[in-house]
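Reviewing the structure listed below.
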Amino acid sequence: MRARLRLLPFITSAVLLLAACGGSGSAATPSAATAEDHGLIVSAASSLTDAFTDIGKEFEAWNPGVTVAFNFGPSDGLATQIEEGAPVDVFASASPTWMDSVQDDRPGVSDRADFARNRLAVIVPTDNPAGIQGIDDLANNGVQLVIAAEGVPAGDYARQIFRNAEIYQAAMANVVSNAEDDRSVVASVASGEADAGVVYVTDVTPDVTDQVALIQIPDAVNVIATYPIAVITGSEEAELAKRFVDYVLGPGQRVLADYGFLPAS
Amino acid sequence: MGVLLVALPLLGLVVRTPWTRIAEVLTNETTLTALRLSLVVATSAAAISLVTGFPLAWALARGSFRGKTLVRALVVLPLVMPPVVAGVGLLAAFGRRGLVGSWLHDWFGVQLTFTTAAAVLAATFVSLPLAVLALEAGFRGLDERLEDAASTLGASRWYVLRRVTLPLMAPQIAAAAVLSWARALGEFGATITFAGNLQGRTQTLPLAVFEKLQTDQAAAFAISMLLIAIAAAVIFALRGRFLR
């Protein structure tokens, strides 16, 4: 028993050390830490990965001592984390539904505004093994189709487009996997495992342009996704969080446009 | 403190589980489909792990050959590597453009990715080490003189295996089966990466928990409780091994 107790300080310090290591990725390095330093945690839809990473760097450059840590994922999953009490300062969702959920349930939001819109598109591997030419071809027999899961905005939008195009039954029968989010769909198509996927136009980033070809969906059946952003109630950096939201609505718009997002209105 | 670390999440699950609705949630179509698929996948994976692990464990316990240490390290590696990495590796090997997968696809028109077979392969990959380790311990604990005695009395190698080795190793074989089955049942990372997530085909119980957490939390907690009950049953079955 005594031998075990003597191990306790060691274990405790090991745990603390691990915690410190884990934190250093999101906060400033310990050596640079001063009383002036502030950290912001932003949970954002996966489709915003590239644009928000750039915006975060700009925001940090304009605000010395501020570090922005991003938590990218499917909006439904991010909303669940926030509702379960994750210490998030800003939430940027790929659909109003999940922002509504955080706003109406707990913990609530402030300074909510729509900051971007996005169109959806069909993507195929560059060698296009299934010979997909347009949205209707997703209903063809034997097409291996990957979309995001139900509840994930990109997944719900894809299902809506299938309904609009009146190919819902046939297209859903071709779905071989319900991916975690839009970026997982891109990965499946880019690696050639799937014949086609439905994602946001902006998901075809420079990283994947040589592996993935984009096929536009006609406006008549397409869905336009609206992205809201807000400060999470209870944020310990509410003032800074508000400044970040303003930055996204202001100078950040140029970055979003560069990545192919449409303006909010 | 260690006990709390383990007990608190379990307590959290118990508190949040919708006990009044648990029967309804556990018998809905999504859960039953995932349960059926999980049983098929885990049982297949455990069977393959036993059959392929048996000769491997024998070689590791009894054999003396060059590179034995390397083989053992290789076999145990899936135990400690991140399952998602296993999934990426399986894609690189068996994916449509993978080392073996491209060949399977071009010559036989076989695609493993996004199939139940892929889920079984992923589960086998992570459960094989447990089977091999348990079986190897069994071979080591076995008194070789009993097998030798049977041989000198004229028994064929097959007869010795069937009537001496296998019965003597029955407890270890059972342990190997239960351990690899339980590990296969819980497999998530390699499965979602390599096999994808489709109800009735690759959506096993852990994948169902992951998806339900976003859309139907009551179901996620109920299925989690079911998986814990199964895990507890496994510990009970192997109490001689874990609870000494």
Please go through the range B:110-151 and pick out each residue that is within 14 Å of another protein chain (Cβ to nearest Cβ), surrounded by fewer than 24 Cβ atoms within 10 Å (Cβ to Cβ) and of a type in the set (S, T, N, Q). B:Gln111, B:Thr115, B:Thr116
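Matching residues to (1) more than 8 Å from chain A (Cβ to nearest Cβ); (2) crowded, with 19+ Cβ neighbours inside 10 Å; (3) modelled with pLDDT of 90 or more:
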| site | (1), (2), (3) |
| --- | --- |
| B:Val209 | yes, yes, yes |
| B:Lys212 | yes, yes, no |
| B:Thr215 | no, no, no |
| B:Phe221 | yes, yes, yes |
| B:Ala232 | yes, no, yes |
| B:Gly240 | yes, no, no |
The range B:89-140, residues that are part of a loop (DSSP other than H, G, I, E, B) and of a type in the set (D, E, K, R): B:Arg96, B:Arg97
Quickly run through the range B:60-80 and pick out the residues that are surrounded by 15 or more Cβ atoms within 10 Å (Cβ to Cβ) and more than 21 Å from the chain's Cα centre (by Cα). B:Ala61
Give me the residue from the range B:29-48 that is exposed (fewer than 15 other Cβ atoms within 10 Å of the Cβ) and either outside any helix (DSSP H, G or I) or not hydrophobic (A, V, I, L, M, F, W, C) (or both) and, out of that set, farthest from the chain's Cα centre (by Cα). B:Glu29
Scope the range A:57-87; condition assigned to a loop (DSSP other than H, G, I, E, B) and buried (at least 23 other Cβ atoms within 10 Å of the Cβ); matching residues: A:Pro74
Return the only residue of B:Phe54, B:Phe114 being of a type in the set (Phe, Trp, Tyr) and modelled with pLDDT of 95 or more. B:Phe54
Which residue is nearest to the chain's Cα centre (by Cα), if the candidates are limited to the range A:78-92 and must be within 13 Å of another protein chain (Cβ to nearest Cβ) and touching a residue at least 12 places away in the same chain (Cβ under 8 Å)? A:Leu78
On the given criteria, is B:Glu187 crowded, with 18+ Cβ neighbours inside 10 Å, closer than 25 Å to B:Ser38 by Cβ, more than 14 Å from chain A (Cβ to nearest Cβ) and among the charged types (D, E, K, R)? yes
Selected residue (criterion: farthest from B:Gly240 (Cα to Cα)) from residues of the range B:153-184 that are among the polar types (S, T, N, Q) and surrounded by 16 or more Cβ atoms within 10 Å (Cβ to Cβ): B:Thr165
Hey, which of the strands (runs of 3 or more DSSP E) in the range A:138-236, taking only ones fully inside, have at least 1 residues that are more than 13 Å from chain B (Cβ to nearest Cβ)? A:196-200, A:212-216, A:224-232
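The values are calculated or read from the model by the stated rules, or taken from the named source; none is laboratory data. Here the structure is a predicted model, which means the values were calculated and not measured. When we count neighbours, we look across all protein chains shown, and the Cβ atoms used for this are built from the backbone with ideal geometry, even at glycine.
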